[in-house]
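Beneath this line is the structure, given in structure tokens, with notes to follow.
Quick note: the coordinates plus some simple rules give every number you see, no bench work behind them. Bear in mind the structure is a predicted one, so any value in this text is a computation, not a measurement. Every residue, glycine as well, gets a Cβ built from its backbone with ideal geometry; the counts of neighbours run over all protein chains shown.
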Amino acid sequence: DAKTTQPTSMDCAEGRAANLPCNHSTISGNEYVYWYRQIHSQGPQYIIHGLKNNETNEMASLIITEDRKSSTLILPHATLRDTAVYYCIGREFGGADGLTFGKGTHLIIQP
Amino acid sequence: GAVVSQHPSRVICKSGTSVKIECRSLDFQATTMFWYRQFPKKSLMLMATSNEGSKATYEQGVEKDKFLINHASLTLSTLTVTSAHPEDSSFYICSARAGQLKSEQFFGPGTRLTVL
């Protein structure tokens with residue numbers, strides 16, 4: 001899996017958009033960017049993934065720079081339940097291996 | 001869809017005993033399941049990869065004789081922690097992959113093991 005770098009922690013006000021950055025400057029051409037999150041004492045939850053186009057689903061949007069060296073996960077209207085550790089992972093689509101989790105970003109939504 | 005369950009959610013056992021943790025994919029067939037371990041304030045660490053009908057592949061440093069993995073069906077994998085010791089106390093999480101055409105993994109809720 002590609003090496004990724006994320007800020008250790010971030011705060012965001014409830015109701016505002018939460019923008020979580022991820023650097024993956026060494027990502028290879030066939031590696032996708034995946035985002036997962038882990039709420040305290042729960043298993044990780046898949047959020048979204050993308051290759052080079054921006055992606056959006058019911059949970060979030062993923063903006064990937066044209067050079068693919070970085071991306072941003074956007075939670076459009078953060079709620080208190082979005083407080084979690086967010087992991088950015090670069091890996092091949094359909095990769096048969098387990099995931100390599102970094103330290104992630106601890107996002108704290110403030111009321 | 002894509003729900004993964006684990007049982008039990010929490011277990012406390014005495015040192016020296018064995019503990020079995022079940023991981024089930026409830027609404028899909030999982031060709032591959034993964035087991036992770038997470039210590040407090042740390043990230044998840046992959047322990048082993050389990051393919052249905054074949055032997056599990058363990059990560060470096062994970063003792064295969066201590067952490068027995070069985071993946072007898074496409075919906076069930078079990079992890080048995082044998083002769084558990086206090087240092088095995090951790091949060092054990094499984095994930096399942098639906099098949100070669102599916103890229104994302106779906107995680108179970110985790111099992112909190114405490115060894116006294």
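One table, with the values for the structure above:
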read-out	value
Phi-based couplings in Hz for segment B:65-75 (Karplus 6.51, -1.76, 1.60; Gly and Pro marked x)	7, 8, 10, 7, 10, 10, 10, 7, 9, 6, 10
Exposed trypsin sites (Lys or Arg not before Pro) absent - longest run of chain B, DSSP non-H/G/I/E/B, at most 10 other C-beta within 10 Å	B:42-116
Whole-Å distance, taken between Cα centres, linking segment B:1-62 and segment A:30-83	24
Size of charge dipole - chain A - debye, nearest 20, with Cβ of Lys, Arg +1 and Asp, Glu -1, no other charges	160
Trypsin sites (Lys or Arg not before Pro) lying in DSSP loop within segment A:50-111, provided at most 16 other Cβ fall within 10 Å	A:52, A:69, A:103
Chymotrypsin sites (Phe, Trp or Tyr not before Pro) within segment A:13-111: DSSP coil, no more than 14 neighbouring Cβ in 10 Å	A:93
Dipole of segment A:47-103, positive end: most advanced residue of A:89, A:60, A:48 [Cβ charges, Cα centre]	A:89
Low-density loop cleavage sites - GluC sites (Glu not before Pro) in segment B:56-116, where at most 13 other Cβ are within 10 Å (DSSP)	B:63
Out-of-range pairs (alpha-carbon distance over 19 Å; input B:20/B:55; A:3/A:52; A:3/B:66; A:3/B:55; A:3/A:103)	A:3/B:66; A:3/B:55
